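These notes are about the structure you will find just below.
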Amino acid sequence: MMNERDWLTVHEGTKPLLVSLPHTGTDLAGLEDRFVSPWLARRDTDWWIEQLYDFAADLGASVVRTSISRSVIDVNRDPSGVSLYPGQTTTGLCPTETFDGDPLYRPGLEPDAEEIEHRSRRFFHPYHSAIAGEVARIKGAHGRAVVYDCHSIRSVLPRLFEGTLPLFNLGTNAGKSADPALQAIVEEILAGTGETYVVNGRFKGGWITRHFGQPQNNVHALQMELSNRGYMREPEGKGTPANWPVPYDPAFAAPIRATLKRILESAIAWAGR
């Protein structure tokens, strides 16, 4: 079953898995003239992740997706504004700069506290209510649920991390958001690819993983942060309007897509035992 409003899509699946797509949106909610440029406001999008995982619904997973850009409001941040990575550079609930530190807004046009609260009521809370509703429905049908939060990021971002990011970055909030057995299953799949990977490295999981991951209540949450180079021909540097984003190439993405499909299938099998 598909429930949809103009910016939020909820696909109700039949299996004990929910796939969250919080950063694939490019809708700037009418704020185009306030941003330095629409392209800059969209640069940090998790490009083509909705296409990379478009098999999820066919596997029986529920899928929740927002079309609103993370530059308008980031639904994977603590709604209180508290940093998820104290002492490390990150972006906020309503970011005012890009991952590279470039200002997003024209001078004086940044959102104030009242506007941030308005965006939260309009976009953040409905997204999380949709996830909560699906988790409750899934638990009612299957006894437990897995929340799998999908992300991607440029492979080299000196402001956020040193060197080149591993291809696969699995986060379980340092083991707090998922059963160790489920984490081990996914880690074994990653190890078998021969590609670089890390578990609970720079990206341990955002607000979605930390908030919904409650193993003691039979809800297990994983975040997968992919380096862009794993599924697209990523250019060097920040990218420009002429070369970013690179168009989605199904043939280039096929190997990593096969791994991701195996991960979701394994999560479904584990949750359904």
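Computed from phi, the 3J(HN,Hα) profile of the stretch 150-166 under the Karplus parametrisation 6.51, -1.76, 1.60 (θ = phi - 60°) reads 9, 8, 8, 7, 4, 5, 10, 9, x, 5, 9, 7, 7, x, 9, 5, x Hz, with x in place of Gly and Pro. Within the listed set Gly108, Gly92, Gly163, the residue fluctuating most in the Gaussian network model of the chain (springs between alpha-carbon atoms under 10 angstrom) is Gly108.
Surface exposure of the stretch 8-272, expressed per residue as accessible area with a 1.4 Å probe, stands at 40 Å².
The dipole here belongs to the stretch 8-272: it is taken about the Cα centre, uses +1 on the Cβ of Lys and Arg and -1 on the Cβ of Asp and Glu, and is about 420 debye. Each of Ser129, Gly30, Tyr105 was scored by the projection of its Cα onto the charge dipole of the chain, and the greatest displacement toward the positive side belongs to Ser129; charges sit on the C-beta of Lys, Arg, Asp and Glu. Annotation: amide H of Tyr197 within the under-5 Å range of Leu167, Phe168, sequence separation 5 or more or interchain, hydrogens built in the peptide plane. Here the gap between Ala29 and Lys176, fully extended at 0.36 nm per residue and compared with their Cα-Cα distance, gives a gain of 49.5 nm. Applying the criteria of a DSSP loop state and at most 12 other Cβ atoms within 10 Å to the trypsin sites (Lys or Arg not before Pro) of the stretch 5-55 yields Arg5.
Expressed as a whole percent, the accessible area of the chain that falls on carbon and sulfur atoms is 51 (1.4 Å probe).
Each other residue within a Cβ distance under 10 Å of Leu165 adds +1 if Lys or Arg and -1 if Asp or Glu, for a net charge of +1. Beta-bridge orientation, the stretch 8-272: approximately 35 percent antiparallel, per DSSP, counting only bridges with both partners inside.
Other residues lying with their Cβ under 15 Å from the Cβ of Trp47 contribute a combined charge of +1, Lys and Arg counting +1, Asp and Glu -1. Between Ala113 and Ser129, residue separation times 0.36 nm minus the direct Cα-Cα distance comes to 3.6 nm.
For Gln214, the residues whose amide H sits under 5 Å from its own are Val219, His220, Ala221, ignoring neighbours fewer than 5 places away on the same chain, with H placed 1.01 Å from N. Each Lys or Arg adds one and each Asp or Glu takes one away; over the other residues whose Cβ falls under 14 Å from the Cβ of Val147, this sums to +4. Considering only the Cα atoms of the stretch 1-157, their convex hull presents on average a projected area of 9.9 nm². Legend: Rg and Dmax of the stretch 187-273, from Cα coordinates, 15.7, 49 Å.
Using a Gaussian network model of the chain in which every pair of alpha carbons under 10 angstrom is joined by a spring, one finds that among Thr24, Thr96, Thr209 the greatest mean-square fluctuation is at Thr96. Measuring between alpha carbons in the structure, the pairs from Lys176/Lys204; Lys204/Lys238; Lys139/Lys176; Lys15/Lys261 lying more than 22 angstrom apart are Lys204/Lys238. Across the stretch 189-198, rounded Karplus estimates of 3J(HN,Hα) from the backbone phi angles (6.51 cos²θ - 1.76 cosθ + 1.60, θ = phi - 60°) give 5, 5, 4, x, 6, x, 8, 6, 8, 8 Hz, Gly and Pro being marked x.
Less than 5 angstrom separates the built amide H of Ser152 from those of Leu226, all sequence-distant by 5 or more or on a different chain. Only DSSP H runs of four or more residues enter the estimate; each adds -39500 (n - 2.57), and after division by the residues of the chain the mean residue ellipticity at 222 nm equals -8500 deg cm²/dmol.
Of the residues Leu109, Leu40, Leu222, the one that moves most in a GNM of the chain with alpha-carbon contacts below 10 Å is Leu109. Based on C-alpha pairs under 8 angstrom that are at least 6 apart in sequence, the chain has a relative contact order of 22 percent.
The values are calculated or read from the model by the stated rules, or taken from the named source; none is laboratory data. Everything numeric here is computed off the predicted structure, so don't read it as measured data. Positions of Cβ are backbone-derived with ideal geometry, glycine not excepted, and every protein chain shown enters the neighbour counts. Accessible surface areas use protein heavy atoms only, side chains included; no ligands, DNA or RNA. Shrake-Rupley method; radii C 1.70, N 1.55, O 1.52, S 1.80 Å.
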